[in-house]
Amino acid sequence: MFEGKKEEIEQRVVEINRVARVTAGGRRFSFRALVIAGDKKGNVGMGIGKATDVTEAVNKAGRQGIKHMIALPLIDGTIPFEMTTRFKMTKILLKPVPKGRGIVAGGVVRDICELAGVQNINAKILSASKNKINNAKAVLRAFKKMKQIYGAKQSMQVKL
């Protein structure tokens with residue numbers, strides 16, 4: 001859970017879709033928004049909101065993104081080690097790069113890395129998936145696993 005100030009958090013709308021629900025009287029349209037929230041200091045989250053109005057969907061997604069923020073380990077503006085992660089049919093490769101290289105990533109991966117505060121990373125979506133929600137969930141899953149592994153390695157070094 002994010003414990004910083006909400007004024008520091010930046011939100012970015014990644015995708016807005018119009019979705020329909022078929023009822024007896026016809027179709028009812030609503031909007032789904034995918035929003036990435038981050039403080040550029042190592043905390044990032046993703047939210048999905050649905051409402052009959054676009055602004056309400058974006059607001060709901062933003063609140064959910066802030067609520068579900070995760071912290072990731074950063075070392076000199078990059079991730080600690082290389083990681084490949086799958087989420088459903090999406091497969092993503094994240095690699096640390098030397099300082100000054102910048103963010104070499106596309107799509108939703110770039111947005112997540114920018115808002116997380118990662119300055120140097122090389123990322124590649126290895127699958128043919130164009131689903132932005134699954135791509136975002138795969139990146140966040142990689143960051144979560146990275147935090148668990150890196151935390152375990154740090155505690156092992158302290159014990160030795």
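Across the options Thr85, Ile75, Ser30, the greatest Cα extent toward the positive end of the charge dipole of segment 1-109 (unit charges at beta carbon of Lys, Arg, Asp, Glu) belongs to Ser30. Here segment 40-86 is treated as a sphere whose radius is the Kirkwood value from Cα pairs; by Stokes-Einstein at 10 °C and 1.306 mPa s it diffuses with a coefficient of 127 µm²/s. Packing here is the average count of other Cβ atoms within 10 Å per residue, and on that basis the peptides 41-53, 134-146, 7-19, highest first, run 134-146, 41-53, 7-19.
The order of the peptides 78-86, 25-33 by mean Cβ neighbours within 10 Å, most packed first, is 78-86, 25-33. Its DSSP H runs of at least 4 residues, each contributing -39,500 (n - 2.57), put the calculated 222 nm mean residue ellipticity of the chain at -10500 deg cm²/dmol, to the nearest 500. Size descriptors for the chain: radius of gyration and Dmax over Cα atoms are 17.2, 69 Å. In summary, the aspartates and glutamates within cross-link reach of Lys132, defined as a Cα separation below 12 angstrom excluding same-chain residues under 8 places away, comprise Glu15, Asp111.
Just so you know, all these numbers are worked out from the coordinates, no wet-lab data involved. Source: prediction; values computed, not measured. No Cβ is skipped: glycine too gets one built from the backbone with ideal geometry, and neighbour counts run over all protein chains shown.
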